[in-house]
Amino acid sequence: MNQITDQTDTIYFDGHDWFMLDAVGEVRALALLPQAEASDADAASEHSSELLPLPQLPDEALPTTLILPAEQLLSRTLSLPLAHPRFIDQEILAQELEETSDEAPEAWWLAWHAVSAQAAEAALRGMMFGMPEAWRQQLDAADGWSNLQRVIPDIWLRLNHMLGSASNDGLVAVCDADAAGLCFGLWHGGDCCWLGMRRLNGWSTDAHAALLEDVRHSLQSMAGGEAITQMVGRLPEPFATTLAVDAEWRGEAVVMDALPSRQLASLRCCTAPNDTADALNFRHGSWRPKSDWSTLQPWYRSMALAAAVALLWMGGMIWQNHRLQSEIDAAQQQVIAAFHRGLPQQQVIVDPLAQLRQAAGMGNTQASDASAVAWLKQIAAIGQVYQQTPWTIREITQRHGTITMAGEAKDIETMNKIREALQQHTGKHVTVQDTDLSGGNQVKFRMAWS
C-alpha cells in the first residue's frame, strides 16, 4: 500500500463498493467499516434514504471529493420563470419538487445548475440533483469527512468531462460507457445547459437491442422533438455505429473488452478541471465547507502553534516590562515623597545630594563638616538597604544626633530584615520604637538609631 503524500484524495461510491484515488494517482478499494458490513446485504435501492455503508478510511487520508452513484440520487430537469440563477435556492427547488413529483422535499438535499435560456417561455433551464438528507447528516457527523470540498454525482462529472469534444450550438448527445453500463445525456449547445441525464446498467449480449432502444427513446424524450445534430463521448462499437445514424459522431468507439471499470472512469475525470462540472456541488449553503482547526494540514497546525507560543511569550515579556516599569515609577515617587517630607522647604529637586548636604548644614550654623558627612552617610546607608529590601518610607528625621525613620513593610519578617540591614550598614544599634499591625500582614513601624 502506497503512502499518501498529499491530502487531495477522491472517494467514489458506486452503490456497492468504495474506491479511492490517492495523491499518486492509484485507485484502491476500501473496506467497509464493521457496522457497515453487517448491513451490506440490505443495500439501498434507487432513491433510498437509508444510511451509507461508510468505508474505513486510511489513517492519513483526508477526502476532499466524494462522488456518488447517479442511480441512488434524485435527478430532475429545471424550467423556472426567474430572471437569474442567483435567485434559485433550496427552498424554491423544494417547492418545485413537491409540486411536480411525489417526492418528499425534506428527504433530499438538493444541488443544481441553471442558466438563462434563450426560449421566452422559460427564463432559466438546467438540472438539479438530490442526495438523501440522511446521507448528508451521516457524512456531517462521521469522523474523517469534514475536509470534503465537493460532493457530486458521477454522471454529472463524467458527462461534462466528455462534453469537451462537442462543438455545436444544437442538441448534442453525450455518452460515456464503462464495463458496467452507460451514462448518457443531452446538452443544449445554444443555451449551454443539460436537458437530461440517465444511467443504465448492464451490457448483456441478449439485452443489447433493448438497451439501445431505451437509450434512443430517452434521448428523443429529452430533445422534445428537436433533432440531435451531434453525438460525442465513448461507446462500444455496436452502439456507436447504431446510435449515431442521424447525428455526426465525434466520439470514441472501443471494443467491449476495452471499456474501463466504472470506478476508474469516474475517478479519472477528477484529474481534469472542468468549469461546468465544478458548478454543481452538494456542499453549499449551510453545508458548505468549513475552515476550522481540524481541517488544517499538519504543517499549518505547527506554524499556528509556533505563532501562538511566540505571541504568548511576547505578551508575557510586555507585561513583565510594564510591571517592572510600574514598580520603578512607584519607587521613584516614594523617594520623591520622602525627599519632600524630609526637606519641605525644598520645592524643586535639582541636585538631591547637594540639597541634602545643604540641608545638613542648615539646622545648626555651627555644625562641623564631619556632622554633615555623618548625616549623608546615614542617608546613603538607608538607600543601600532600600535597594536590597524595598519598603514604604513615610518619614526620616534627625534630631539631636538621633535619626528616626517611619515606614511600612509587607510583614514582620521584612521589617526585621530592614532593621538588621540598617544596623549592618550604619554601624549603629537600631531599635524598633513602635509597630502597628492593624493593616493585616502589613506592619507600620518607627525605628531610631544614634
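Summary table below
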{"quantity": "Unique match (being at pLDDT 85 or above, surrounded by fewer than 20 Cβ atoms within 10 Å (Cβ to Cβ), within 30 Å of ASP169 (Cβ to Cβ) and more than 25 Å from the chain's Cα centre (by Cα)) among PHE129, PHE87", "calculated": "PHE87"}
{"quantity": "Single residue of ASP178, ASP191 found to be farther than 20 Å from ALA253 by Cβ and of a type in the set (Asp, Glu)", "calculated": "ASP191"}
{"quantity": "Filtered residue count, region 132-167, keeping only those that are farther than 19 Å from THR65 by Cα and at pLDDT 90 or above", "calculated": "1"}
{"quantity": "Test: residue in region 150-166 that is without any contact (Cβ under 8 Å) to a residue 40 or more places away in the chain and not in a strand (DSSP E or B)", "calculated": "no"}
{"quantity": "Test: residue in region 75-92 that is assigned to a strand (DSSP E or B), touching a residue at least 60 places away in the same chain (Cβ under 8 Å) and not polar (S, T, N, Q)", "calculated": "no"}
{"quantity": "Unmet requirement for GLU99, which otherwise passes all of (1) over 18 Å from LEU280 (Cβ atoms); (2) in a helix (DSSP H, G or I); (3) at pLDDT 90 or above", "calculated": "(3)"}
{"quantity": "Every pair of residues 6+ apart whose Cβ atoms lie under 8 Å, when the first sits in region 174-186 and is assigned to a strand (DSSP E or B) while the second is among the acidic types (Asp, Glu)", "calculated": "LEU182/ASP176; CYS183/ASP154; CYS183/ASP176; PHE184/ASP176"}
{"quantity": "Single residue of region 8-31 satisfying the filter (at pLDDT 90 or above and hydrophobic (A, V, I, L, M, F, W, C)) that is surrounded by the most Cβ atoms within 10 Å (Cβ to Cβ)", "calculated": "ILE11"}
{"quantity": "Test set (1) within 15 Å of ASN441 (Cα to Cα); (2) in contact with a Ser or Thr (Cβ under 8 Å, 6 or more places away or on another chain) - THR397 fails condition number", "calculated": "(1)"}
{"quantity": "From the options ARG199, ARG216, residue that is in a strand (DSSP E or B) and among the basic types (Lys, Arg)", "calculated": "ARG199"}
{"quantity": "Any chance ALA331 is touching a Phe, Trp or Tyr at 6+ places or on another chain (Cβ under 9 Å), modelled with pLDDT of 75 or more and within 22 Å of ILE418 (Cβ to Cβ)", "calculated": "yes"}
{"quantity": "Subset of region 102-112 (residues that are loosely packed, with under 14 Cβ neighbours inside 10 Å and in a loop (DSSP other than H, G, I, E, B))", "calculated": "ASP102, ALA104"}
{"quantity": "Region 140-149, subset of a type outside the set (Ser, Thr, Tyr) and assigned to a loop (DSSP other than H, G, I, E, B), residue surrounded by the most Cβ atoms within 10 Å (Cβ to Cβ)", "calculated": "LEU148"}
{"quantity": "Listing of helices (runs of 4 or more DSSP H) fully contained in region 225-299 that carry 3 or more residues being at pLDDT 75 or above and assigned by TED's automatic domain parsing to the domain that holds ALA29", "calculated": "237-243, 262-267"}
{"quantity": "Single match in ILE379, ILE393, ILE403 (criterion: closer than 16 Å to ARG341 by Cβ, part of a helix (DSSP H, G or I) and of a type in the set (A, V, I, L, M))", "calculated": "ILE379"}
{"quantity": "Which numbered condition GLY439 misses (of (1) surrounded by fewer than 16 Cβ atoms within 10 Å (Cβ to Cβ); (2) touching a strand residue (DSSP E or B) at 6+ places or on another chain (Cβ under 6 Å))", "calculated": "(2)"}
{"quantity": "Residue match in region 46-68 (condition: of a type in the set (A, V, I, L, M), touching a strand residue (DSSP E or B) at 6+ places or on another chain (Cβ under 6 Å) and closer than 22 Å to HIS188 by Cα)", "calculated": "no"}
{"quantity": "ALA406, sole failed condition from (1) touching a helix residue (DSSP H, G or I) at 6+ places or on another chain (Cβ under 6 Å); (2) among the hydrophobic types (A, V, I, L, M, F, W, C); (3) at pLDDT 85 or above", "calculated": "(1)"}
{"quantity": "Qualifying residue in region 38-51 (condition: surrounded by 12 or more Cβ atoms within 10 Å (Cβ to Cβ), at pLDDT 90 or above and touching a helix residue (DSSP H, G or I) at 6+ places or on another chain (Cβ under 7 Å))", "calculated": "no"}
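The values are calculated or read from the model by the stated rules, or taken from the named source; none is laboratory data. No experiment lies behind these values; they were computed from the predicted model shown. No Cβ is skipped: glycine too gets one built from the backbone with ideal geometry, and neighbour counts run over all protein chains shown.
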